[in-house]
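First the structure, in the form of structure tokens, and then the observations on it.
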Amino acid sequence: IYGDIWIVTSSGKLERYSRGVPVEFAMEGFPYVEQGRLASPNSIVTTDDRVYVLEPGAKRVVVFAKESGKYEQQYMNDLFGEGRHLLVSGERGYVVTQNRIMWFQL
């Protein structure tokens, strides 16, 4: 495997592994993390410099800096509560629900 592996658990934990070894990812500055966990995350996407997490339970997509783990921003939409998958391509994010695909500008 080339690079890191990122896992988002149903319990809300965001984990990072490099060559099988856990790497600390603190979600620094994110004001909405309770006990180091996100609210019902179900999809994660990484780009060269960011980590995007879909949190249907909170109706948002949260963005962290990939290397530092620092919170950068969030995108909120009531329809994100129905989200099943998250995709990022270029300057757009896409949230896939059961019957639609929504996009938002990054």
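The figures follow:
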| read-out | value |
| --- | --- |
| Average Cα contact separation per residue, the range 24-106, under 8 Å, 6 or more apart, as relative contact order % | 21 percent |
| Probe 1.4 Å, accessible area per residue of the chain, Å² | 61 Å² |
| Globularity index of the range 1-68, i.e. its alpha-carbon radius of gyration over 2.2 N^0.38 Å | 1.04 |
| Global size of the range 43-106 as Cα Rg and Dmax, reported in angstrom | 10.9, 35 |
| Overall dimensions of the range 12-51 by Cα: Rg and Dmax, Å | 11.0, 30 |
| Residues Met76 and Gln98, FRET efficiency given R0 of 25 Å [Cβ-Cβ distance, rounded to 0.05] | 0.80 |
| Counted charge near Ile101, where neighbours are those whose Cβ lies closer than 12 Å (Asp, Glu -1; Lys, Arg +1) | +2 |
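The values are calculated or read from the model by the stated rules, or taken from the named source; none is laboratory data. All values reported here derive from a predicted model rather than from experimental measurement. Quick reminder, even Gly has a Cβ in these numbers, built from the backbone with ideal geometry, and neighbours come from all protein chains shown. Quick note on the areas: whole protein, heavy atoms, side chains included, nothing else; ligands and nucleic acids left out. Shrake-Rupley method; radii C 1.70, N 1.55, O 1.52, S 1.80 Å.
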